[in-house]
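One structure is given below, encoded as C-alpha cells.
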Amino acid sequence: MNEEMRTEPEASSALLRRFYETARTIREFDDRMRRGLASGEFMMSYWPVEGQEAISTGVCAALEPDDRMVITYRCAADAIAKGVDLGELAGELLGKSTGTSGGRGGAMGISAPDIGLLATTGIVGAGAPIATGVALAARQLGSGRVTVVSFGDGATSIGAVHEAMNLASLWQLPLVFLCHNNLFGEGTPVAEYTRTERFSDRAAGYGMPGVTVDGTDPVAVHKAAKEAVARARRGGGPTFLEAIAFRLNGHYFGDPCTYVDAAKLEAARGNEPIAKLRNRLVSGGVTAADLDALDQRIADDVDRAVSSAVAADMPAPETLYAHVYGGTDRFGAVSEGKRIATSVSAGAESELSLAQAVNQALEQAMARDDRVVLLGEDIADPMGGLFTCTKGLSTRFGRDRVRATPIAEEAIVGCAIGAALDGLRPVAELMFVDFLGVCLDQLANHAAKLRFMTGGRVHVPITLRSVEGAHSGPQHSQALEAWLTHVPGLKVAVASTPRDAKGLLTTCIEDDDPCVFIEPMQLLLARTMRGLVPDGEIRIPLGLADVKRDGKDVTVVSWGAVVHAALQAAAEVASEGIEVEVVDLRSLVPLDLETVLASVGKTRCLVIAHSATTFSGFGAEIAALVSERCFGELKAPVSRVGAAFTPVPRAHSLVAAHSPGAPQIAAAVRQVCR
Amino acid sequence: MTEVRIPKTGDAVEEGTLVEWLVEDGARVERGDPLYLLETDKVAMQIEAPSAGVVARIGVPGEIYPVGELVATITERPG
Ligand SMILES: Cc1ncc(C[n+]2csc(CCOP(=O)(O)OP(=O)(O)O)c2C)c(N)n1
C-alpha cells in the first residue's frame, strides 16, 4: 500500500479521487475517439488506450509538472495524464491547426513542452535513446528534472531500447523506463516473441533496478513510480518500471484482433482499472452520485474539447514549408537569395591539418558556450578520437562535457537529439559515415523531423560529425551524402580544407537545425593537405559555395576530397588551354545554386565530380537543377564523374577502377568543351 | 443530428460492405446500441450507435460503399 494512504487517510482518498478523475478522462477521450472513428466522423490513425489508463495515471501523479516525458503513438493516456490540453490533443489527432503540433504530427507527433511532454515517436522503441539525452540535459544543466520514457512491451525487443538502458545506467541518468506491457506487440502475444518472463528482469543485466507492477492498479503503479522518480532525482540513476495491463481494444481502430484469446479478453474486461477504482472509492465512502456527477463533468469537458477540435481549421496549404527548418517559411534546401558572407575575426592564421582545425572549432565552441557537449566513441583523452579530432578537449573541459560513449550509435545520436531538445548543443561523432545505417532512424526520423512534427515547438540543434573513409574497403570508405540530402530537415556540409572545416563546423554547431558535417579521411591528417586557418573565430555560412579556382571554359562542381582531384585536373588541362572553374559546394543542403548557375552561365559547360556513386549520387540533383534552369545555355550535356555502381573495393587495383580521380575529371572536361 | 458513415477501419481500407442492419428504420437507439454489421477485406465488425436518437437508415444491406459514405443519421428527439 501507498505510504500516503497508510499515514494520511484524508490525503489518500483525495489521491484516489485524483487518480479516478485522470483515468476517467483518458477513458472518456479514448471512447470519444473510437466512437468518432466507428461512425465515420473521423478518419485517422488512432491507437486505443482502453485498459492502460491506470499506468499513465499512476506514473504521472509521481512527476512534477516540469518533469519530462517522451511517449509513443499510443499517446492519449500518457499525454492526458501529463496534462495536455484535451482540445489540442484532439486537434492534433484530427490534423487541425489547433493541434499540439499544428496538425503536422498526428498521434505520432504530440508535443507540449510547456507541460514537459517533449516528443512522441511513431517508431517503436526510438524514444528511449532520445530520453537519455533529455535526462542528460537535466543533469548537465542542473535542472533537477526527471524524464520518463514510455514504450510498449514489443519495444523491449528492439536495439534502441537496450542501447538506451545501457547508456542511462552507465551515466546514472535521471530517467525512468516505463514499459506499458499490454501483452501484445501489435498482433503478437508476448510469449510468441520472447522467452523473458518479466521484462523488468532485463534491468539487472544493465545494472539498474527493475520492478513489475499491476498496471490496472494506479496505487501500485504510483508507488513504484514514486520510488523510481525519487531515485532518479537524488542521482541514483534509472529504473525499469514494467506495468502490466491487458489491451482491451485492437492495436488500432479496426484491428480484427484475430490473435486475441476471447476468454482472456473477457477476464481482462472484468478486471479493468476504472470500475475497480470506482468500487474502491465507493467502498471508501464516496457516493455513486458524486462519481456520476464527476463522470458527467468529464464527459462534458471531453465533448467540448473534441467539438472545438472538429470545428477548427486545417492548417493552410501555404504553411507547408513552415517548421522544416528554423527561420524559414519556404523551401529551405536551396539558399538562393539568402546569402550571408563568411565572417572572420581579425588576427593571425596558423597552418593546421583538417583534424586540428576541427579540434580548434570544437574547443572554441566549447569555450564560448557551456551548452556545447561532445558525445562519441573514444573521443575522450588519452585517445582523443580515432583521428585525434577531439584530443585534449576532455582534459580541458572535463569528461562531463566530452563524453566517451559505449559503441552504440543509436544511443549516441538519440542522446544528442534529446539533449538538444532540452537546452544543450551536442556535437556527436559517428566514427565513420558508413555507420549511418546503424543510427539512421534517429537521424532521419527524429533529428530531421522533430521540428516539423511538433509544429516548431521543439528543435534539434545537433551536429553530427563523421568521417568519410578512403581505401578502407566496402564498409569503411563510402560516400553516403545522398542518403542525407534526401531527408528534409537535415543540413549537410562537407569540408575540403582546414579553413573551411573550422568555419563550417562552427556554423553547424551554432545552427538551430540538425547538421551533418563530413570530414574526408584522406584530408584529415595529411601534411600535404594542411592549410592556413584563422586562429580566431571563423564562420562560413551553410549555403555558400566557394570558387576554389576561377576559369571561363568549364565549370567543375565538387565537394570534399574530390575538390582536390578537380583542382589537379584543372591544372592539367590548363596546359592545353582549357580554363576550368572549380566550385566547391561546401554545403549540399542548403545548396548554393546561385553560385553554380552564375558559373555555368559564364562557362556554359558543367562537369560534376564526387566520390559517391554516379548513379543516384547528389550530382544527379545538381545536373537536374542546372538543366531546368539553364538548359538553353549549355553548350554540351552535363557530365558526371563519380564512382562505379559497386561497393568500394579493398584492392588498390580495383579502387582505381572504381573511384574517380583527376584523370577522369580531366577527361570529362575535355569531352564537354570539345 | 449525428451522421453515420462507413468508417475507415485500417490504413489500406477504402470501402466496406453494409452487411445487415441491426435496427429498424425509425427505431430509437441509445448510444452504444448495435446499429449495423460492417465487413471489409480485413475485418467484420458490429458498428454501434454513436449517439442516442431516432435512426434513419440510408444504406442498403449487401451494398459496398466507399469509406466516408453516409449510411444513416441519428436524430435526437426530446423525450
Ligand atoms: C521500428 C518499428 N517497427 C515496427 C513498427 C510497426 N508497429 C507499430 S506499433 C507496433 C507494435 C508495438 O508494440 P508495443 O511496443 O508493445 O507497443 P503498443 O503498440 O502495444 O503500445 C508495431 C510493430 C514501427 N512503428 N516501428
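Just so it is clear, none of the values below were taken in a lab; they were calculated from the coordinates. Predicted model only: the values in this text are computed from it and were never measured. Counting neighbours? That spans all protein chains shown, and the Cβs are built from the backbone with ideal geometry, glycine included.
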Next on the checklist: Go through the cysteines of chain A and tell me which have no other cysteine Cβ under 4.7 Å away.
Outcome noted: A:Cys60, A:Cys75, A:Cys179, A:Cys257, A:Cys389, A:Cys415, A:Cys439, A:Cys605, A:Cys630, A:Cys673
Checklist entry - So who's got an amide H within less than 5 Å of the one on A:Arg640, skipping anything under 5 residues away but keeping other chains? H placed 1.01 Å off N, in plane. => result A:Ile608
Checklist outcome for this item: Once the in-chain neighbours fewer than 8 apart are removed, the lysines whose Cα is under 19 Å from A:Lys223 read A:Lys82, A:Lys276
Item to check | Shielding by other protein chains, A:246-259, mean Cβ within 10 Å | outcome: 3
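Ranked highest first by the average count of other Cβ atoms within 10 Å around their residues, in what order do A:532-539, A:516-523 fall?
The most tightly packed comes first, giving A:516-523, A:532-539.
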Checklist entry - Amide H neighbours of A:Lys548 under 5 Å, counting only residues 5+ apart in sequence or on other chains, H built in-plane at 1.01 Å? => result A:Val582, A:Val583, A:Asp584
Checklist entry - Got a sec to turn the phi values of segment A:561-574 into Karplus ³J(HN,Hα) couplings, 6.51 cos²θ - 1.76 cosθ + 1.60 with θ = phi - 60°, whole Hz, x for Gly and Pro? => result 4, 5, 4, 5, 5, 5, 5, 4, 4, 4, 5, 5, 7, 4
Item to check | Rg over Rh, two decimals, segment A:546-672 (C-alpha only, Kirkwood Rh) | outcome: 0.95
Item to check | Selection from A:Pro129, A:Val626, B:Val23 lying farthest towards where the dipole of the protein assembly as shown points positive, charges on Cβ | outcome: A:Val626
Checklist outcome for this item: segment A:508-538 scanned against label point 7 Å out from A:Thr342 along Cα→C-beta; backbone N under 11 Å for A:532-534, A:538
Checklist outcome for this item: Only helices counted: for chain A, with every DSSP H run of 4 or more residues adding -39500 (n - 2.57) and the sum spread over all residues, [θ] at 222 nm is -12000 deg cm²/dmol
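Would you list A:Val302, A:Val554, B:Val19 from fewest to most Cβ contacts within 10 Å?
The order, fewest Cβ neighbours first, is B:Val19, A:Val302, A:Val554.
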Item to check | Violating pairs (Cα-Cα greater than 29 angstrom) within the set A:Lys96/A:Lys449; A:Lys264/B:Lys42; A:Lys264/A:Lys449 | outcome: A:Lys264/A:Lys449
Checklist entry - Any idea what diffusion coefficient the protein assembly as shown gets from Stokes-Einstein, in µm²/s, Kirkwood Rh on alpha carbon pairs, 37 °C, 0.692 mPa s? => result 116 µm²/s
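Can you tally the net charge around A:Gly127? Count Lys and Arg as +1, Asp and Glu as -1, for every other residue whose Cβ sits under 12 Å from the Cβ of A:Gly127. Don't skip to the end; give the middle numbers.
On the way: positive: A:Arg68, A:Arg74; negative: A:Asp78, A:Glu410, A:Asp441.
Summing Lys and Arg as +1 and Asp and Glu as -1 gives -1.
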Checklist entry - Using the Karplus equation 6.51 cos²θ - 1.76 cosθ + 1.60 (θ = phi - 60°), what ³J(HN,Hα) coupling, rounded to whole Hz, does each residue of segment A:530-546 give in order, writing x for Gly and Pro? => result 5, x, 6, 10, x, 5, x, 7, 9, 10, 9, x, 6, x, 10, 6, 10
Next on the checklist: Under 21 Å between alpha carbons, and skipping anything fewer than 8 positions from A:Lys391 in its own chain: which lysines qualify?
Outcome noted: A:Lys502
Next on the checklist: Could you tell me the calculated FRET efficiency between A:Thr287 and A:His652, based on Cβ-Cβ distance and R0 = 60 angstrom, to the nearest 0.05?
Outcome noted: 0.10
Checklist outcome for this item: Residues A:Lys96, A:Lys635, A:Lys82 in order from fewest to most other beta-carbon atoms within 10 Å are A:Lys635, A:Lys96, A:Lys82
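For A:Asp66 and B:Ala52, FRET efficiency with R0 = 56 Å and r from the beta-carbon atoms, rounded to 0.05? Write out the running numbers ahead of the final one.
Numbers: r = 43 Å, r/R0 = 0.76.
Efficiency, from the Cβ-Cβ distance: 0.85.
Restricting to the protein assembly as shown, what percent of DSSP beta bridges are antiparallel, rounded to 5?
Taking every DSSP beta bridge with both residues in the protein assembly as shown, the antiparallel ones total about 35 percent.
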Item to check | Cβ neighbours within 10 Å from other chains - mean over B:36-46 | outcome: 2
Checklist entry - Going 7 Å from the Cα of B:Glu20 in the Cα-to-Cβ direction, what parts of segment B:39-54 have a backbone nitrogen less than 13 Å from that spot? => result B:39, B:45-47
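Applying 1/(1 + (r/R0)^6) with R0 = 22 Å to the Cβ-Cβ distance of B:Glu39 and B:Ala12, what FRET efficiency is obtained, to the nearest 0.05?
Efficiency computed from Cβ-Cβ geometry: 0.90.
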Checklist outcome for this item: Checking segment A:228-294 for chymotrypsin sites (Phe, Trp or Tyr not before Pro) in a loop per DSSP with at most 14 other beta-carbon atoms within 10 Å yields A:Tyr259
Item to check | Inter-part distance where segment A:475-520 and segment B:45-79 are each reduced to a Cα centre, Å | outcome: 56 Å
Next on the checklist: Can you list residues from other chains, or at least 5 along the same chain, whose modelled amide H is less than 5 Å from the amide H of A:Trp47?
Outcome noted: A:Cys75
Checklist entry - Does anyone have the angle between helix A:354-368 and the longest principal axis of chain A? Alpha-carbon axes, 0 to 90°, nearest 10? => result 50 degrees
Item to check | Virtual spin-label span in nm between A:Lys264 and A:Arg670, 7 Å along Cα→Cβ | outcome: 7.3 nm
Checklist outcome for this item: By Cβ neighbour count within 10 Å, fewest first, B:Val13, A:Val427, A:Val467 rank B:Val13, A:Val467, A:Val427
Checklist entry - Which whole number gives the average, over all residues in B:5-16, of C-beta atoms from other chains lying within 10 Å of the residue C-beta? => result 4
Checklist entry - Mind checking which lysines have their C-alpha under 24 Å from A:Lys602, skipping anything on the same chain fewer than 8 residues away? => result A:Lys338, A:Lys548, A:Lys552, A:Lys635
Checklist outcome for this item: In order over segment A:196-213: 3J(HN,Hα) from phi, Karplus 6.51/-1.76/1.60, θ = phi - 60°, whole Hz, x for each Gly or Pro, gives 5, 8, 10, 5, 5, 4, 5, 4, 4, x, 9, x, 10, x, x, 9, 10, 10
Checklist entry - Tell me, in nm to one decimal, what length is gained between B:Leu70 and B:Arg28 on full extension, where the rule is 0.36 nm per residue of separation less the Cα-Cα distance? => result 13.3 nm
